[in-house]
Amino acid sequence: MAARATARQIEKLREEIRRHDELYYVENSPEISDREYDQLLEDLQKLEQQHPELITPDSPTQRVGGRPAEGFPEVVHTRQMLSLDNSYNIDELRAFDDRCRRLAEGRSLEYVAELKIDGLSLSLQYEDGVLARGVTRGDGRIGEDVTQNARTIRSVPLRLKAQKKSIDAPLEVRGEVFIPREVFERTNAEREELGEPRFANPRNAAAGAIRQLDSRLVARRRLDMFAYDLLVNGRKPFPTHWESLDWLESAGFRVNPHRKLCQTIDEVIHFADEKEALRDDLGYEIDGLVVKVNSTSLQDEFGATQKAPRWAIAYKYPARQASTRVLNIIVSVGRTGALTPVAMLEPVFLAGTTVARATLHNEDEIRRLGVKIGDWVLIEKSGEIIPKVLSVVTSKRTGEELDFEPPENCPVCGGLISRPEGEVVARCVAADCQAQLMGRLLHFASRRAMRIEGLGEALAEQLVAAKLVKDVGDLYSLTLDQVAALARMAKKSAANLLSQIEASKSRDLTNLIYALGIRHVGERTAGILAHELGSLERLASASVEELDAIPEIGLTVAESVRDWFDDEGNLALCDRLRAAGVKTETDRRSSTQVDERFAGKQFVLTGTLTSFTRDEARALIEARGGRVNSSVSKKTNYVVAGEAAGSKLDKAQSLGVTVLDEATFKTMLD
Ligand code: IVH
């Protein structure tokens with residue numbers, strides 16, 4: 001290929017990848033699958049390898065990470081990275097407002113209220129619009145140069161997008177780096193499997209990742225960043241902070257959508273309450289709000305103390321920690337037979353709910369904490385994660401506390417327990433353990449698997465106890481009489497359950513593969529396997545080599561899948577599922593699913609929906625034959641506008657496109 005043509009092709013690929021990065025990481029509405037994305041990146045990598053002279057520092061391939069660095073050089077911040085003063089209640093927030101109003105001497109005052117993301121701050125320097133350096137906060141004056149790691153954060157633009165108000169001078173963007181809750185959970189699960197200690201919280205995981213020397217490992221941690229400040233030559237370039245945030249957004253940064261321009265402190269307080277209710281649904285941790293004076297000239301006038309600016313304050317949400325007593329330590333058995341010790345607690349009220357149990361993860365964790373039955377402990381609840389024990393309050397010991405004795409046999413079925421060398425998790429290995437069966441049933445019926453609504457813990461327990469269900473395949477031969485005969489089961493609910501079970505037969509192959517509960521096969525892996533192999537039969541007969549050759553499928557998964565299908569009982573289960581009419585092939589656009597209101601219609605999602613994530617909303621639309629696009633045009637049929645919808649909503653209104661609020665959209669789905 002002629003050099004010019006290659007250069008053009010490389011640039012085209014880069015542009016395409018940048019566009020998808022933005023759709024994925026900033027707009028949260030991807031247009032292609034991860035696989036297709038990786039393919040683009042791989043194509044680019046190949047071309048660049050053939051023409052290393054064409055590699056530029058802003059190429060998306062540069063995110064993937066280079067060789068381990070030799071420790072991190074220190075960098076002096078151009079302008080000190082200050083901390084914030086904290087306020088813990090409304091009175092303290094009002095006192096801040098009083099102080100600001102006094103300093104403003106009667107001039108009008110606006111505040112910007114933002115979420116306080118629980119991560120670590122990072123400063124990014126751009127020269128000629130290209131990311132030149134990423135520096136941690138360090139002690140506020142001197143930080144560490146983590147440029148190579150900052151590049152792995154997909155929501156950090158390697159090159160700024162051109163825009164109307166262009167800024168030519170070198171500029172600095174500050175923001176908060178964090179790890180999404182889901183990635184945090186996955187990382188900890190992986191670490192546990194590898195026998196490594198768990199991270200205590202997402203902030204530690206993110207801090208550990210950004211200071212990790214090998215940036216290839218950082219890339220795996222899927223860090224993300226919300227930008228919250230812009231400096232040019234150490235100064236704020238716009239008259240207001242609000243304009244800086246808008247500028248950052250249009251330059252390609254991810255700016256948190258939950259922000260509000262407030263005229264009064266009461267508006268700030270209202271915003272704080274509103275967002276506190278959202279806390280569990282955000283997908284990342286926040287620990288409060290940051291309230292900032294909007295006018296940059298007032299900010300300059302107010303100045304700062306040694307530690308923090310006078311024009312901003314953090315408003316911290318109540319701690320999600322509490323202390324209570326451990327009444328007992330029991331051991332629960334999961335669907336894979338994994339034994340998890342659980343602390344039964346004297347109930348305490350914590351962040352909106354009463355907590356009576358906290359996970360202790362495994363025996364090693366009990367040893368690490370040194371927790372005994374009868375101890376006072378500090379517990380923490382974060383997001384929807386099961387509360388956990390942080391530490392033991394040893395000063396409250398009386399000497400009457402009892403050591404926890406790990407069980408010698410499965411506490412449910414009495415079967416043998418195995419804990420292979422090097423693994424932290426002990427498992428019950430009995431094939432007929434009822435606790436495992438319960439776990440498998442609940443997993444099979446769960447929302448992301450076969451979505452059998454109404455099959456919850458109580459019912460699963462009854463079905464197992466009545467011996468009506470000995471494996472998940474038995475669900476499909478249940479009769480109305482059998483179900484209706486269970487205690488507390490009316491005929492109508494029995495019929496509902498059966499129709500739910502019937503409906504589950506037509507779930508996607510991805511759901512089915514995930515529902516089988518094969519070790520190491522999560523939802524995403526199930527999706528890749530379904531897409532690559534197309535049917536359960538093909539999956540069942542694939543060799544380890546064949547599976548391992550699939551991009552993104554590693555040897556551990558390949559072997560685990562092979563092991564599962566080598567088991568005769570599992571194979572027989574697959575046959576029974578098929579015989580019962582469960583769909584075992586991919587068939588993404590089944591004609592029976594077409595819904596007139598959705599089929600062929602173009603949707604755009606904007607703002608934050610409260611009942612589902614964007615991905616879920618997209619899946620619901622696509623399952624009904626609709627399409628989801630990222631931008632609004634005349635061809636758009638509907639814009640679904642959630643909370644804090646921005647420019648897309650404006651555009652829809654100016655083009656006369658129908659706008660659905662979340663409630664209307666939900667009715668349409670029903
Ligand atoms: S503004 C001088 N905005 O909170 C103003 N900080 O406790 C400095 N943080 O070091 C920060 N979300 O790492 C600001 N929306 C936000 C923030 C935020 C999280 C962090 C930041 C800062 C710490 C202070």
For this session: Could you please find all residues in region 593-610 being small (Gly, Ala, Ser) and either at pLDDT below 80 or farther than 21 Å from Asp281 by Cα (or both)?
Result: Ala599, Gly600
For this session: Would you please name the residue that is farthest from the ligand (Cβ to nearest atom), looking only at residues in region 113-158 that are in contact with a Ser or Thr (Cβ under 9 Å, 6 or more places away or on another chain) and of a type in the set (Lys, Arg)?
Result: Arg151
Problem set entry | Given (1) more than 14 Å from the ligand (Cβ to nearest atom); (2) β-branched (Val, Ile, Thr); (3) surrounded by 15 or more Cβ atoms within 10 Å (Cβ to Cβ), index of the condition Val76 fails | (3)
Problem set entry | Number of the exception - Ala312 against (1) small (Gly, Ala, Ser); (2) within 14 Å of the ligand (Cβ to nearest atom); (3) touching a Pro at 6+ places or on another chain (Cβ under 9 Å) | (3)
For this session: Among residues belonging to region 116-132 that are of a type in the set (A, V, I, L, M) and over 20 Å from the mean Cα position of the chain (by Cα), point out the one that is farthest from Arg63 (Cα to Cα).
Result: Leu122
Exercise. Quick one: would you say Leu84 is in contact with a helix residue (DSSP H, G or I) (Cβ under 7 Å, 6 or more places away or on another chain), at pLDDT 90 or above and either crowded, with 16+ Cβ neighbours inside 10 Å or in a loop (DSSP other than H, G, I, E, B) (or both)?
Worked result: no
Seminar exercise, completed: Those residues of region 343-356 which are buried (at least 17 other Cβ atoms within 10 Å of the Cβ) and modelled with pLDDT of 90 or more amount to Ala343, Leu345
Exercise. Is it fair to say Glu401 is surrounded by fewer than 13 Cβ atoms within 10 Å (Cβ to Cβ) and either under 26 Å from the mean Cα position of the chain (by Cα) or free of Cβ contacts under 8 Å to residues at least 60 places away in the same chain (or both)?
Worked result: no
Seminar exercise, completed: Flagged pairs (Cβ under 7 angstrom, 6 or more apart or on separate chains; first in region 41-65, among the hydroxyl-bearing types (Ser, Thr, Tyr); second surrounded by 14 or more Cβ atoms within 10 Å (Cβ to Cβ)) are Ser59/Arg14; Ser59/Glu48; Thr61/Leu41; Thr61/Leu44; Thr61/Gln45; Thr61/Glu48
For this session: For region 136-151, enumerate the residues that are touching a residue at least 40 places away in the same chain (Cβ under 8 Å) and farther than 24 Å from Arg220 by Cβ.
Result: Gly138, Gly140, Arg141, Ile142
Exercise. Any idea how many residues of region 284-305 are part of a helix (DSSP H, G or I) and either closer than 16 Å to Val177 by Cα or more than 10 Å from the ligand (Cβ to nearest atom) (or both)?
Worked result: 6
Exercise. Under 6 Å by Cβ, and 6 or more places apart or on different chains, what pairs join a residue from region 114-126 that is within 17 Å of Asn149 (Cβ to Cβ) with one that is of a type outside the set (Lys, Arg) and near the ligand (Cβ under 6 Å from one of its atoms)?
Worked result: Gly119/Glu176; Ser121/Glu176
Problem set entry | Only listed residue being of a type in the set (Ser, Thr, Tyr) and over 29 Å from the mean Cα position of the chain (by Cα), chosen from Thr336, Thr296 | Thr296
Exercise. Would a scan of region 337-354 turn up a residue that is closer than 30 Å to Leu109 by Cβ, in a strand (DSSP E or B) and either out of contact with any strand residue (DSSP E or B) (no Cβ under 8 Å at 6 or more places or on another chain) or within 16 Å of the ligand (Cβ to nearest atom) (or both)?
Worked result: no
Exercise. List, please: which pairs have Cβ atoms under 8 Å, are six or more places apart or on different chains, and start with a residue in region 311-330 that is farther than 20 Å from Glu274 by Cα and end with one that is more than 16 Å from the ligand (Cβ to nearest atom) and of a type in the set (Lys, Arg)?
Worked result: Gln321/Lys381; Val326/Lys372
Exercise. Somewhere in region 276-292, is a residue in contact with a Lys or Arg (Cβ under 9 Å, 6 or more places away or on another chain), modelled with pLDDT of 95 or more and either closer than 24 Å to Met81 by Cβ or aliphatic (A, V, I, L, M) (or both)?
Worked result: yes
Seminar exercise, completed: The correct count of residues that are touching a Lys or Arg at 6+ places or on another chain (Cβ under 6 Å), surrounded by fewer than 17 Cβ atoms within 10 Å (Cβ to Cβ) and assigned to a loop (DSSP other than H, G, I, E, B) in region 506-542 is 1
For this session: Quick one: which helices (runs of 4 or more DSSP H) lie wholly within region 552-670 and hold at least 2 residues that are out of contact with any Pro (no Cβ under 8 Å at 6 or more places or on another chain), crowded, with 17+ Cβ neighbours inside 10 Å and basic (Lys, Arg)?
Result: 614-623, 647-655
For this session: Go through the residues of region 182-203 one by one and say whether even a single one is closer than 30 Å to Val389 by Cβ, at pLDDT below 90, crowded, with 22+ Cβ neighbours inside 10 Å and within 16 Å of the ligand (Cβ to nearest atom).
Result: yes
Problem set entry | Residues of region 371-388 satisfying the condition of being part of a loop (DSSP other than H, G, I, E, B) and at pLDDT below 95 | Lys381, Ser382, Gly383, Glu384, Ile385, Ile386, Pro387
Problem set entry | Qualifying position, being hydrophobic (A, V, I, L, M, F, W, C), within 15 Å of the ligand (Cβ to nearest atom) and touching a Leu at 6+ places or on another chain (Cβ under 7 Å), among Leu261, Leu223, Leu230 | Leu230
Seminar exercise, completed: Of the candidates Val326, Val331, the one satisfying the condition of being under 30 Å from Val472 (Cα atoms), of a type outside the set (Ser, Thr, Tyr) and in a strand (DSSP E or B) is Val331
For this session: State whether one or more residues within region 341-359 are without any contact (Cβ under 8 Å) to a residue 24 or more places away in the chain and among the acidic types (Asp, Glu).
Result: yes
Exercise. If you check Asp266, Asp273, Asp280, which single one turns out to be part of a helix (DSSP H, G or I), away from the ligand (no atom under 14 Å from the Cβ) and surrounded by 15 or more Cβ atoms within 10 Å (Cβ to Cβ)?
Worked result: Asp280
Problem set entry | Identity of the residue in region 244-258, more than 14 Å from the ligand (Cβ to nearest atom) and in a helix (DSSP H, G or I), that ends up farthest from Ile313 (Cα to Cα) | Ser250
For this session: Please find, among Ser395, Ser418, Ser391, the residue that is among the hydroxyl-bearing types (Ser, Thr, Tyr), more than 30 Å from Ser323 (Cβ to Cβ) and modelled with pLDDT under 95.
Result: Ser418
Exercise. In region 86-98, which residues are out of contact with any Lys or Arg (no Cβ under 6 Å at 6 or more places or on another chain) and within 16 Å of the ligand (Cβ to nearest atom)?
Worked result: Ser87, Glu92, Leu93, Phe96
For this session: Confirm whether Gln306 is without any contact (Cβ under 8 Å) to a residue 24 or more places away in the chain, surrounded by fewer than 19 Cβ atoms within 10 Å (Cβ to Cβ) and polar (S, T, N, Q).
Result: yes
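The values are calculated or read from the model by the stated rules, or taken from the named source; none is laboratory data. Keep in mind that what you see is a predicted model, and the values were worked out from it rather than measured. All Cβ positions, even for glycine, are placed from backbone atoms using ideal geometry, and neighbour counts span all protein chains on display.
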